[in-house]
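Have a look at the structure below before the remarks.
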Amino acid sequence: MTSLEKETAAGHAPAAEHVGALRPTNDVERIEAPVTWQAYLICAFASFGGIFFGYDSGYINGVLGSNIFIHAVEGMEATKVGESHTSLIVSILSCGTFFGALIAGDVADWIGRKWTVILGCFIYMLGVAIQMITGTGDALGAIVAGRLVAGLGVGFESAIVILYMSEICPRKVRGALVAGYQFCITIGIMLASCVVYGTQNYTTTANYRIPIAIQFIWAIILGGGLMFLPDSPRYFVKKGNLARATDALSRLRGQPKESEYIQAELAEIVANEEYERQLIPSTTWFGSWANCFKGSVFKSNSNLRKTILGTSLQMMQQWTGVNFIFYYSTPFLKTTGAITDPFLTSMIFTIINVFSTPISFWTVERFGRRTILLWGALGMLISQFLVAIIGVTVGFNHTHPDPNVVDGTLADNISAVNAQIAFIAIFIFFFASTWGPGAWIVIGEIFPLPIRSRGVGLSTASNWLWNTIIAVITPYMVGTDRGNLKSSVFFIWGGLCTCAFVYTYFLVPETKGLSLEQVDKMMEETTPRTSAKWKPTTTFAASAQHHEDAYLARHSGEAEKTV
């Protein structure tokens with residue numbers, strides 16, 4: 001007996017009966033409505049959540065170099081935040097975000113995608129309020145506690161905004177629109193750098209409290225705006241509420257509910273959900289998490305393989321070393337002896353980051369996810385190795401005492417240091433236009449609906465886990481009291497970018513131009529290296545209808561023989 005027959009025998013309507021009522025289509029090119037300005041605006045607004053992550057990366061980099069903040073945390077005699085305290089302050093937000101991303105998957109399946117993001121905004125604001133206490137009493141305790149709570153909120157937002165955008169964006173522009181999330185991250189970093197640069201000469205606690213307080217604005221804009229947007233139609237399908245799914249899809253596509261496009265797309269989502277439910281049955285809470293790890297690691301379409309792909313892709317993104325630049329560039333550049341204004345140089349890095357990211361809006365849809373990840377990794381590893389080689393020979397690593405400044409240093413070769421700065425900027429360009437958005441796009445596309453929220457949550461948690469690890473160990477790697485690696489740290493980042501290049505070639509599939517349901521089929525029928533050549537030939541809805549027609553015909557014939 002087939003799964004459809006078992007389903008019918010058990011008293012459940014087979015997939016085709018659900019789908020048939022929705023007027024499915026056999027045309028793989030007509031499973032979505034034409035893209036409208038409304039779809040663009042809704043998805044663009046959802047991507048605003050990236051500012052949370054970006055602004056934090058930018059503001060903490062500048063605040064750690066603020067003398068007022070240093071004195072509040074370490075005492076009036078201190079000239080810098082200690083390595084252990086720097087490690088704790090920077091990494092604690094990522095630690096909170098790790099747990100927030102894991103929790104968010106369950107919450108998103110319980111209350112919906114958009115309400116999970118809104119809840120994350122409230123948690124984030126609570127954390128910002130606690131950080132504002134820094135400067136009265138135990139300054140270190142307040143900033144650490146506040147960043148831990150804010151991290152939980154960022155975890156909710158970072159995991160579920162990607163999930164929400166992937167589920168509502170039209171397939172032909174999904175990559176470009178989800179790349180908008182990374183673009184907002186870069187805008188957040190730049191805004192933070194501008195704010196820190198503007199308050200660096202303040203002589204009161206406003207020097208660091210203003211950069212902290214501005215975070216309230218981002219949470220209010222995102223949380224307030226999402227209240228007026230529809231939730232994901234795929235979430236409603238998962239919950240079995242086709243009426244609300246139809247309404248949400250109609251609003252997202254700017255089409256009436258009776259439109260053939262709405263009916264066909266909803267039929268495809270329902271048919272795929274029914275198909276996936278046969279492969280991944282509903283189970284207990286623990287069982288639903290266990291489903292993420294089922295299957296063989298050698299089978300490209302297994303849940304385990306997809307989970308490994310999502311989590312390792314986010315790990316690779318962090319291994320590029322980009323957060324070393326955005327978290328620690330200000331104090332690091334101070335030690336080079338060649339940068340007169342490290343705050344300004346860090347701000348220039350963020351501006352390059354911002355203006356490089358929009359390139360991916362075009363390239364990700366023109367050349368594909370896999371292609372830009374390959375070329376991005378190649379460009380990054382070349383840039384990183386050049387920074388390291390120049391540094392250990394004639395650049396950052398070679399300084400002499402500055403006679404005009406106590407404990408100050410000057411670079412032996414200013415031109416070499418400037419060349420290093422240039423290659424760091426080139427590295428940022430390659431990251432911002434490829435791996436920055438590319439990793440977020442792919443993790444939102446590869447998971448089937450029954451485990452999508454948990455798969456994206458696990459992948460995002462991986463991002464924050466490695467973000468935490470890098471934030472913890474980097475001060476010890478480059479700090480003068482311990483590792484003092486100076487330019488040699490770029491050998492590490494370059495080596496890891498080389499790993500990212502090899503990893504992409506063998507393991508990352510091409511998902512360009514496919515619906516989320518078609519991505520499932522592609523991964524079932526092809527390998528990563530041949531995935532770009534795969535084209536859909538039928539819809540899930542048509543397949544379901546075919547199986548049901550065959551089932552009914554077979555049983556109709558048996559009934560005639562009986563008579």
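Quick notes on this structure:
- Centroid-to-centroid, using Cα positions, the stretch 278-333 and the stretch 443-514 are 10 Å apart.
- Three principal axis extents describe the C-alpha atoms of the stretch 133-224; from largest down they are 52, 26, 20 Å.
- As a ratio to 2.2 N^0.38 Å, the alpha-carbon radius of gyration computed for the stretch 26-120 takes the value 1.68.
- The tail of the calculated P(r) for the stretch 407-468, taken as Cα-Cα distances beyond 15 Å, holds 68 percent of the pairs.
- Given Lys239/Lys521; Lys239/Lys299; Lys239/Lys294; Lys172/Lys533, the pairs whose alpha carbons are separated by over 27 Å: Lys239/Lys299
- Using bins of 5 Å that start at zero, the share of Cα-Cα pairs per bin across the stretch 100-172 amounts to 4, 19, 23, 16, 13, 10, 7, 4, 2, 1, 0, in whole %.
- Under 24 Å of direct C-alpha separation, and excluding same-chain neighbours fewer than eight residues apart, Lys486 reaches these lysines: Lys80, Lys334.
- Stretching the chain fully between Lys299 and Phe355 yields a gain of 16.3 nm (0.36 nm per residue, less the alpha carbon separation).
- For the stretch 441-491, dividing the convex hull volume of the Cα atoms by the residue count gives 76 Å³ per residue.
- Compactness index (Cα Rg / 2.2 N^0.38 Å), the stretch 216-266: 1.34
- Amide hydrogen neighbours beyond the local backbone of Leu410, cut-off 5 Å, H modeled: His400, Asp402
- Label zone at Glu525, where the point sits 7 Å out along the Cα-to-Cβ direction: the stretch 289-322 residues whose backbone N lies under 15 Å: 301
- When restricted to Cα atoms, the stretch 156-195 yields an Rg and a Dmax of 11.9, 37 Å, respectively.
- For Ala78 and Trp285, the FRET efficiency from 1/(1 + (r/R0)^6), where r spans their Cβ atoms and R0 equals 51 Å, is about 0.60.
- Taking the C-alpha atoms of the stretch 246-383, convex hull volume expressed per residue in Å³: 214
- Once the chain from Thr340 to Tyr40 is taken as fully extended at 0.36 nm per residue, the excess over their C-alpha distance is 103.7 nm.
- At an R0 of 25 angstrom, the distance between the Cβ atoms of Arg366 and Ala422 translates into a FRET efficiency of 0.35.
- Volume per residue that the Cα convex hull of the stretch 465-538 spans, once the total is divided by residue count, Å³: 112
- Full-stretch length increase - Ala129, Ala206 - with 0.36 nm per residue and alpha-carbon distance subtracted: 26.3 nm
- Descending Cα extents along the principal axes, the stretch 203-305, whole Å: 64, 43, 25
Only the coordinates and a few stated rules stand behind these numbers; no lab work does. Just so we're clear, the structure is a prediction, and the values are computed from it rather than from any experiment. Virtual Cβ from ideal backbone geometry, glycine too; neighbours counted across all protein chains shown.
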